[in-house]
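Novice: Have a look at this one before I ask anything.
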Amino acid sequence: MFKRKDRISAIRKELEAIVGPENVRTEEAELLMYSYDSGMARARPEAVINFTSAAQVAPVVKMLYGAGVPFLPRLAGTNLSGGTIPLKGGAILNLARLKKIRQIDTAAGLALVEPGVVNLELQRALEPFGFFYAPDPASQKVSTIGGNIGENAGGPLCLKYGVTADNVEKLEVVTPEGEVKFFSYSDAGPDLMSVLIGSEGTLGIVIHAWLKILPLPAHIKTASAAFPSLDAAIRAVTRIISAGILPRALEAMDKVSLDAALTGKASPFPAGTDAVLILELDGDDPVRIKTDLETAHKICSDNGCEAFKVAADEDERALLWQARKGAYPAMARLAPDLLVEDGVVPRPKLPEALKETREIIAKYKLTAGLLFHAGDGNLHPNVIFDRRDIEEVKRVKKAGYEMLKSCIKLGGTISGEHGIGVEKRVAMNWLYGRGELAFFHSIKRAFDPAGLANPDKILPVAGEKPAAKPDLAGAFVFPGKSGLSPEARSIIDELRLRAASGTRTAVTGLGTRLRPERVTEGARPLDLKSLSGLLEIDRENLTARAEAGLSFEEFRRQLKAAGFHLDLPELKGSVGGLIASKVCPEIRGLLLGLEVATAAGELLELGGKTVKNVAGYDAVRLLCGSQGAYAVILSATFALSAGKERQRPPFAEPPAWDAFEPAEIHRRLKKEFDPQNLLNPWIYRGV
Ligand SMILES: Cc1cc2nc3c(=O)[nH]c(=O)nc-3n(C[C@H](O)[C@H](O)[C@H](O)COP(=O)(O)OP(=O)(O)OC[C@H]3O[C@@H](n4cnc5c(N)ncnc54)[C@H](O)[C@@H]3O)c2cc1C
């Protein structure tokens with residue numbers, strides 16, 4: 001290993017041979033420019049490497065990896081969590097010049113792009129084809145597809161169309177060791193693509209992305225609703241969603257944000273307006289949109305709305321969105337610095353979360369505008385401050401942490417779309433237990449054994465202990481801890497016994513797919529049929545939690561009886577079996593949380609009840625398609641739909657769903673999760 005100060009000069013010639021001498025930059029001014037991003041952290045890199053071709057990335061990464069030099073990919077640097085700060089020095093890989101849109105294929109519904117393509121540029125390129133790309137972060141004028149993938153970005157339209165992970169088909173990735181690999185969510189075996197999305201450059205570097213593009217809706221209607229209080233606005237949000245209306249966007253702004261956004265302009269809202277909702281509906285059926293708008297209007301009026309106005313034309317619509325998307329820059333103009341928090345709570349908990357947020361802001365004597373993606377429970381308090389005032393910075397940090405703790409206490413999470421980076425690393429300790437954090441560390445080790453890809457991000461580092469636990473007294477307890485059925489407990493006990501004696505296990509659901517002739521290696525069946533409970537239907541949050549052995553048909557029947565449905569085709573098998581086999585990859589889109597037992601019999605609670613969650617690696621989707629070999633699924637939380645069920649053609653099940661040949665990365669993950677190869681051992685022979 002080279003000494004730190006020599007790390008770049010020792011390999012400079014080789015790097016220059018790949019990217020050209022002008023693209024290996026070590027001048028002080030250049031290093032200073034890349035020592036900050038939109039977050040608060042600062043650290044200086046040793047070099048900035050500019051790329052002019054995607055093909056240069058793999059050899060450069062291989063060179064850095066071999067020399068033990070840390071590296072991180074960077075695009076527009078608009079992430080709000082310090083994700084592009086080089087905490088251990090090393091090289092910044094500047095991919096901003098890789099900005100070609102390589103293909104737009106409307107027949108396949110795909111666009112193939114390089115990572116540096118700016119989100120809005122892609123939207124502009126798609127428009128003449130009559131298509132759009134759904135994820136639309138407020139930063140879309142500057143933020144890039146690579147950065148959006150790195151953070152699993154969301155935006156107003158994600159309420160209806162899902163976040164970035166739901167809108168990517170396939171990725172070409174340079175691994176931390178410098179190999180080029182392709183990942184798609186529909187690959188046989190575990191869903192590695194989804195783990196890479198939102199991994200903040202810690203597991204690999206995306207060099208090409210195949211994005212799902214959608215036809216522009218024939219009709220869009222946008223309305224604003226002005227309320228005398230934020231509480232009233234939020235009550236209306238919950239009722240609108242529970243009424244089975246799925247707007248393409250449902251955004252909220254409080255008075256502070258509104259005033260900032262409307263500075264110098266006449267307010268179109270009545271005097272005394274404390275909060276405004278922006279509601280947008282789209283589709284090909286104008287009658288349905290009209291009816292939904294009327295229902296939403298009535299719900300808003302019943303909840304105290306004083307002015308509900310449908311935008312008359314494109315100009316009025318643009319004005320509303322200008323106010324929403326311009327609120328952050330408008331707040332930023334009020335003070336030298338701005339902290340944007342990004343906690344999420346289950347939607348029905350929004351009023352409590354907002355009340356606590358306002359109390360925290362008052363307690364620390366701060367000024368903040370509240371902006372949020374109300375439809376999905378994602379809060380963005382924008383706290384303004386001046387970093388030269390050290391005492392004020394301390395108050396801002398404390399307030400930010402208290403807001404996150406409040407979200408955790410209410411059953412939510414610490415990041416919906418901005419990522420963890422370095423700034424929320426410590427808060428991971430408040431959200432997760434040791435088992436979950438160890439699981440995430442295993443994922444990191446499997447992808448990046450030397451720990452050189454964007455080191456010290458996302459996961460707490462040594463010394464960041466869960467010291468703040470006592471502050472969470474009386475906190476929400478994840479349903480698994482309080483609500484684990486006796487049957488699930490006995491499965492965990494059995495796994496512990498088997499682990500102690502080295503007994504191998506064949507994880508068996510309803511036997512719909514597991515072929516008895518494939519069960520070998522002396523594995524003893526572990527029957528999950530006893531896990532047949534529908535543990536919860538949360539009517540207001542539109543989520544349900546079911547045990548793994550429950551038949552999917554029975555699950556749907558019970559949901560239907562309660563007035564809900566899952567937006568999936570008819571599927572056969574148990575809840576756990578369908579997730580583990582991934583015969584219908586679409587299931588991942590509705591899956592919010594999993595409780596699983598490891599081979600050692602440790603309970604892990606992954607994900608939760610919020611529709612957005614980028615706190616840590618997406619282990620929930622990783623276990624989709626893991627075929628019972630990584631962990632035993634005990635129960636799962638799904639997002640429900642209300643209203644009329646979509647008609648779907650019969651589902652054609654792939655005949656060879658288990659034709660899966662583990663690659664090196666699958667084997668590394670298996671070794672991390674189940675080093676004795678105890679679970680479904682025939683899948684990973686020789687691990
Ligand atoms: C005014 C403002 C509004 C915002 N609004 C939103 C919003 O509505 N929704 C939202 O989700 N976010 C929002 N953000 C946050 C930010 O814009 C997003 O996180 C965005 O996705 C980052 O894109 P970027 O190009 O700036 O990436 P960067 O900040 O350069 O990188 C982001 C992360 O991805 C990693 N990365 C970069 N390139 C790659 C790659 N090729 N492969 C793998 N990893 C990579 C980086 O290492 C880093 O960890 C906002 C930020 C600002 C300043």
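Novice: Looking at LYS365 and the list (1) surrounded by fewer than 24 Cβ atoms within 10 Å (Cβ to Cβ); (2) at negative phi; (3) charged (D, E, K, R), which single condition is not satisfied?
Specialist: Answer for LYS365: the failing condition is (2).
Novice: Only one residue in ALA296, ALA318, ALA312 is buried (at least 19 other Cβ atoms within 10 Å of the Cβ) and at negative phi, so which one is that? Steps first, please.
Specialist: Numbers: ALA318 fails: buried (at least 19 other Cβ atoms within 10 Å of the Cβ); ALA312 fails: buried (at least 19 other Cβ atoms within 10 Å of the Cβ).
Every option except ALA296 fails the conditions.
Novice: Just checking, how many residues over region 85-99 are touching a residue at least 60 places away in the same chain (Cβ under 8 Å), open to solvent by 10 Å² or more (accessible area, probe 1.4 Å), within 12 Å of the ligand (Cβ to nearest atom) and part of a loop (DSSP other than H, G, I, E, B)? Before the answer, list the steps.
Specialist: Taking region 85-99 as the starting set, the residues that turn out to be touching a residue at least 60 places away in the same chain (Cβ under 8 Å) are 85, 87-91, 93-95, 98.
With the extra rule that they be open to solvent by 10 Å² or more (accessible area, probe 1.4 Å), the set shrinks to 87-88, 94.
Cutting the leftovers down to within 12 Å of the ligand (Cβ to nearest atom) gives us 87, 94.
Checking the rest, the ones that are also part of a loop (DSSP other than H, G, I, E, B) come to 87.
Qualifying residue count for the region: 1.
Novice: Could you run through region 426-435 and say how many residues are touching a Leu at 6+ places or on another chain (Cβ under 6 Å) and crowded, with 21+ Cβ neighbours inside 10 Å? Steps first, answer last, please.
Specialist: Step one: list which residues in region 426-435 are touching a Leu at 6+ places or on another chain (Cβ under 6 Å), which gives 427, 435.
Now restrict to residues that are crowded, with 21+ Cβ neighbours inside 10 Å: 427.
Of the residues in region 426-435, 1 are touching a Leu at 6+ places or on another chain (Cβ under 6 Å) and crowded, with 21+ Cβ neighbours inside 10 Å.
Novice: Next question, about the same structure. Please return the ranges of helices (runs of 4 or more DSSP H) entirely within region 141-207 where 3 or more residues are within 8 Å of the ligand (Cβ to nearest atom). Full working, then the answer.
Specialist: Numbers: elements: 145-151, 158-161, 192-196.
Ranges flagged: 145-151.
Novice: Which residue, of MET40, MET63, MET33, is at pLDDT below 95 and more than 10 Å from the ligand (Cβ to nearest atom)? Give the derivation first.
Specialist: On the way: MET63 fails: at pLDDT below 95; MET33 fails: at pLDDT below 95.
Residue meeting the stated conditions: MET40.
Novice: Within region 1-15, does at least one residue satisfy the condition of being within 26 Å of the chain's Cα centre (by Cα), modelled with pLDDT under 95 and crowded, with 16+ Cβ neighbours inside 10 Å?
Specialist: Quick first cut of region 1-15, residues within 26 Å of the chain's Cα centre (by Cα) only: none.
Within region 1-15, not a single residue is within 26 Å of the chain's Cα centre (by Cα), modelled with pLDDT under 95 and crowded, with 16+ Cβ neighbours inside 10 Å.
Novice: Which residues, counting only those in region 185-212, are within 20 Å of LYS670 (Cβ to Cβ) and of a type in the set (Gly, Ala, Ser)?
Specialist: Result: ALA188, GLY189, SER194, SER199, GLY204.
Novice: GLY130: within 10 Å of the ligand (Cβ to nearest atom) and more than 14 Å from VAL206 (Cα to Cα), yes or no?
Specialist: Numbers: within 10 Å of the ligand (Cβ to nearest atom): no; more than 14 Å from VAL206 (Cα to Cα): yes.
Here the answer is no, as GLY130 does not meet what is asked.
Novice: Say whether the condition of being within 16 Å of the ligand (Cβ to nearest atom), touching a residue at least 12 places away in the same chain (Cβ under 8 Å) and over 28 Å from ASP538 (Cα atoms) is met by at least one residue in region 210-221. Lay out the reasoning, then the answer.
Specialist: Initial filter on region 210-221 (within 16 Å of the ligand (Cβ to nearest atom)): 210-211.
Add one more test, that the residue is touching a residue at least 12 places away in the same chain (Cβ under 8 Å), and what stays is 210-211.
Retained after the next criterion (residues that are over 28 Å from ASP538 (Cα atoms)): 210-211.
Yes: region 210-221 contains one or more residues that are within 16 Å of the ligand (Cβ to nearest atom), touching a residue at least 12 places away in the same chain (Cβ under 8 Å) and over 28 Å from ASP538 (Cα atoms).
Novice: Within region 538-553, does at least one residue satisfy the condition of being open to solvent by 60 Å² or more (accessible area, probe 1.4 Å) and modelled with pLDDT of 95 or more?
Specialist: Filtering region 538-553 down to residues open to solvent by 60 Å² or more (accessible area, probe 1.4 Å) leaves 539-540, 553.
Cutting the leftovers down to modelled with pLDDT of 95 or more gives us 553.
Looking for residues that are open to solvent by 60 Å² or more (accessible area, probe 1.4 Å) and modelled with pLDDT of 95 or more, one finds at least one in region 538-553, hence yes.
Novice: Right, here's the next one. Does LEU371 qualify as being closer than 22 Å to ASN613 by Cα, surrounded by 24 or more Cβ atoms within 10 Å (Cβ to Cβ) and away from the ligand (no atom under 13 Å from the Cβ)? Break it down into steps so the answer makes sense when it comes.
Specialist: Values: closer than 22 Å to ASN613 by Cα: yes; surrounded by 24 or more Cβ atoms within 10 Å (Cβ to Cβ): yes; away from the ligand (no atom under 13 Å from the Cβ): no.
When the stated conditions are applied, LEU371 does not pass them.
Novice: Confirm whether LYS424 is in contact with a Gly (Cβ under 7 Å, 6 or more places away or on another chain) and not assigned by TED's automatic domain parsing to the domain that holds ALA600. Spell out how you get there, then give the answer.
Specialist: Details: in contact with a Gly (Cβ under 7 Å, 6 or more places away or on another chain): no; not assigned by TED's automatic domain parsing to the domain that holds ALA600: yes.
Answer is no for this residue.
The values are calculated or read from the model by the stated rules, or taken from the named source; none is laboratory data. Just so you know, these numbers come straight off a predicted model, no measurement behind them. Neighbour counts are summed over all protein chains in view; Cβ atoms, including those assigned to glycine, are modelled from backbone coordinates with ideal geometry. Keep in mind that these areas ignore ligands, DNA and RNA; they rest on the heavy atoms of the full protein, side chains included. Shrake-Rupley method; radii C 1.70, N 1.55, O 1.52, S 1.80 Å.
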